[in-house]
Amino acid sequence: MSSKKGIYPCIWLLKGKAVKGFDNNEIVSEDPAELIRSYVESGADGVIIFDRSKGDAEHDAAIDFIRGICEKCTVPVIAAGNVRRMEDVKKLIYAGCQMAALNLSKESNRVLAREVCERFGRERIAGCYKSTENLEKEWKKLAPWLSMRILLDAENPAAVKETASGYDSDSAMESIPEIALMQDPSPEALSSRLSIDSVSAVSGDGVNHLVTEGSDTVQKIRDSFKESGIDMEEHGKAAFSWEDFKKGPDGLLPVVVQEDATNEVLMVAYMNETAYNMTVSTGKMTYYSRSRQSLWIKGETSGHFQYVRSLYGDCDMDTLLARVVQVGAACHTGSHSCFFNQVTAPKMTAGRTAPVGDVLREDYQTIIDRRDNPREGSYTNYLFDKGLDKMLKKLGEENTEIIIAAKNPAENEIIYEIADYLYHLEVIMAEKGVDWDDITRELVRRQKKE
C-alpha cells in the first residue's frame with residue numbers, strides 16, 4: 001500500500017450478496033460487483049471484502065466471486081473473513097488480492113501469520129482485530145509478519161482512549177500501518193482518524209456512505225483533507241496533461257490498445273481531450289468516434305469494458321499505448337482482437353526464434369486442428385483416441401524424463417525433454433478445454449502488484 005492515505009470502502013459478502021455488516025444480514029446490494037464498481041468510480045483508493053460465508057463450498061464460491069472482482073478492479077483489493085489456512089491465503093492472492101487478512105482474535109491465525117508471511121511475503125499479509133481484544137503482548141511478535149492491521153472498531157471507547165493517549169514511540173503496533181473502520185461519515189471524524197500517523201486509510205460504513213454520494217463529494221473531501229495537511233492518495237492524476245501530446249490535424253490522439261494479460265494488440269482508436277481526461281479519472285477506456293463525432297465509453301452498450309492498467313506515451317508523444325483488462329471481446333464483430341485478417345505470415349527460417357507465447361499458441365492450435373480434423377497416422381490423434389488416462393500416463397513419463405535429463409551432463413537433453421513435456425501437456429489442455437490465454441491470465445493474477 002502507498003505511504004499516502006486512502007479511502008477504502010468495504011463490503012460484507014454473504015451468499016453472493018452485499019449485506020449490512022458482520023452481524024447484520026440486511027441486503028445492501030444484490031450485485032456486489034456493481035456496488036464495488038460504483039465505489040471505485042466515486043474515488044475509492046482500494047476496497048476491503050469481508051467474506052461471511054459458512055462452510056467450504058460457500059467459501060470457495062466467495063473466492064471465485066472475489067477473483068472476478070480483482071480481474072476488473074483498478075484499485076487494490078484486500079480480502080478478509082474465513083482466512084484460516086495457508087490454502088485460503090494462497091487462493092485469495094492467486095485470485096488477485098493485494099492482501100489477505102487474518103482474524104487475529106484466533107491464536108491459530110497469529111501462529112499462521114509467520115507461515116504465510118514466509119511463503120507469500122509480508123506485504124501480502126494483513127491482520128484484523130478489535131481494540132477490546134487483549135493483544136498488547138502479541139504485537140511485538142506479529143510486527144515482522146504483517147504489513148497492515150485492520151481495526152474493526154475504531155470508534156469503540158477503548159480505541160478512542162488509545163488514540164487520545166497515543167502510542168509509545170517504539171510501539172510494535174504503531175510500526176504496522178492501520179486501516180480503521182468507521183461508522184461516522186462526517187469529514188471531521190474521518191479527518192481526525194487519518195491525522196494519526198500510523199493510520200493509512202479509513203473504511204467501514206462511514207466511508208461507504210461517503211462514496212455513495214459520488215465522485216464530486218469524495219474529491220471535495222479529499223481536497224479538504226489535503227489542505228489540512230493529510231497526504232492523501234492522488235486520484236485520477238496523470239503524469240502528462242493533454243497539452244503534452246502532439247495531436248493530428250484533426251486534433252485527435254491515436255491510441256493503441258493492448259491486453260495486459262497476453263500482450264495481444266486489441267484495437268486502435270482515437271481520443272480527444274475530454275476522452276483522455278475521462279479515461280484518466282475513471283479508469284475506463286473512453287474514446288472519440290470520428291464517424292459519429294461523439295465520445296464513447298468502450299463497453300457502455302455491450303458490457304465489454306476496458307479497464308486501464310497503464311497508459312504510456314511513445315517517444316514522440318504522438319501516440320498513446322493503453323494496456324487494459326479486456327472484458328469480453330474488443331472487436332464489434334465478436335472477435336477478441338480487431339486484428340484477425342492475416343495479410344502475410346512468412347515461414348520462419350532455420351535458427352530464427354519467435355516469442356515463446358506465439359510458439360506455444362501455434363502448437364496448441366495445431367493440436368486443436370488435429371483433434372477436430374483427424375489425420376491418419378497422427379500421434380496426436382492416437383492420444384485423443386486413447387483418452388485422458390493414456391495422455392496422463394505419457395505426461396508422467398515425460399516428467400520423469402525431465403528429471404533424468406536434469407541429472408545428466410548433456411546440455412541439450414533437458415531442452416528436448418521439456419519440449420516433449422510441453423507437447424503432451426498441451427494435448428491434455430486441449431482435452432480439458434484450457435488454452436494458453438487461460439494460463440497466462442492466471443499467472444498475471446499471481447504476480448505481485450507494485
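The values are calculated or read from the model by the stated rules, or taken from the named source; none is laboratory data. Everything numeric in this text was worked out from a predicted model, so none of it was measured. Cβ coordinates were reconstructed from backbone atoms using ideal geometry, including for glycine residues, and neighbour counts include every protein chain displayed.
Of all the criteria given as (1) touching a Phe, Trp or Tyr at 6+ places or on another chain (Cβ under 9 Å); (2) farther than 17 Å from Ala44 by Cβ, the one not satisfied by Met232 is (2). Exactly one residue out of Leu425, Leu395 is surrounded by 13 or more Cβ atoms within 10 Å (Cβ to Cβ), at pLDDT 90 or above and closer than 22 Å to Thr262 by Cβ, and it is Leu425.
Might you let me know whether the stretch 86-100 holds any residue that is part of a loop (DSSP other than H, G, I, E, B), more than 19 Å from Gly204 (Cα to Cα), in the same structural domain as Met182 (by TED's automatic domain parsing) and hydrophobic (A, V, I, L, M, F, W, C)? Yes, the conditions are met somewhere in the stretch 86-100. Taking the numbered list (1) surrounded by fewer than 10 Cβ atoms within 10 Å (Cβ to Cβ); (2) touching a residue at least 12 places away in the same chain (Cβ under 8 Å); (3) over 29 Å from Arg446 (Cβ atoms) in turn, Val343 passes all entries but (2). When Gly351 is tested against (1) modelled with pLDDT of 95 or more; (2) on the phi > 0 side of the Ramachandran plot; (3) not basic (Lys, Arg), exactly one condition is not met: (1).
Within the stretch 401-418, residues that are at negative phi reach partners that are modelled with pLDDT under 90 and surrounded by 11 or more Cβ atoms within 10 Å (Cβ to Cβ) with beta carbons closer than 6 Å, at six or more positions or on different chains, in the pairs Ala405/Glu413.
From the list Ser38, Ser105, the lone residue that is in the same structural domain as Asp197 (by TED's automatic domain parsing), of a type in the set (Ser, Thr, Tyr) and either at positive phi or in contact (Cβ under 8 Å) with a residue 60 or more places away in the chain (or both) is Ser38. The set of residues from the stretch 239-280 being assigned to a helix (DSSP H, G or I) and either surrounded by 14 or more Cβ atoms within 10 Å (Cβ to Cβ) or out of contact with any strand residue (DSSP E or B) (no Cβ under 8 Å at 6 or more places or on another chain) (or both) comprises Trp242, Glu243, Glu273, Ala275, Tyr276, Asn277, Met278, Thr279, Val280.
Filtering Thr380, Thr400, Thr366 for residues that are under 35 Å from the mean Cα position of the chain (by Cα), over 30 Å from Ser310 (Cβ atoms), assigned to a helix (DSSP H, G or I) and not assigned by TED's automatic domain parsing to the domain that holds Ser310 leaves a single hit, Thr366. The residues of the stretch 403-417 that are surrounded by fewer than 17 Cβ atoms within 10 Å (Cβ to Cβ), part of a helix (DSSP H, G or I) and not hydroxyl-bearing (Ser, Thr, Tyr), listed by number, are Ile403, Ile404, Ala406, Lys407, Glu413, Ile415.
Of all residues in the stretch 52-60, at least one satisfies being in the same structural domain as Ala180 (by TED's automatic domain parsing), buried (at least 17 other Cβ atoms within 10 Å of the Cβ) and at pLDDT 95 or above. Being under 19 Å from Ala154 (Cβ atoms) and assigned by TED's automatic domain parsing to the domain that holds Gly96 is a property that holds for Ser200.
Residues in the stretch 57-85 that are in a strand (DSSP E or B) and either without any contact (Cβ under 8 Å) to a residue 12 or more places away in the chain or small (Gly, Ala, Ser) (or both): Ala79, Ala80.
The residues listed here are Val434, Val444; of these, the one that is under 30 Å from Ser310 (Cα atoms) and in contact with a Ser or Thr (Cβ under 9 Å, 6 or more places away or on another chain) is Val444.
Entry remark, the stretch 436-450: residues being at pLDDT 80 or above, surrounded by 16 or more Cβ atoms within 10 Å (Cβ to Cβ) and not polar (S, T, N, Q) number 2 in total.
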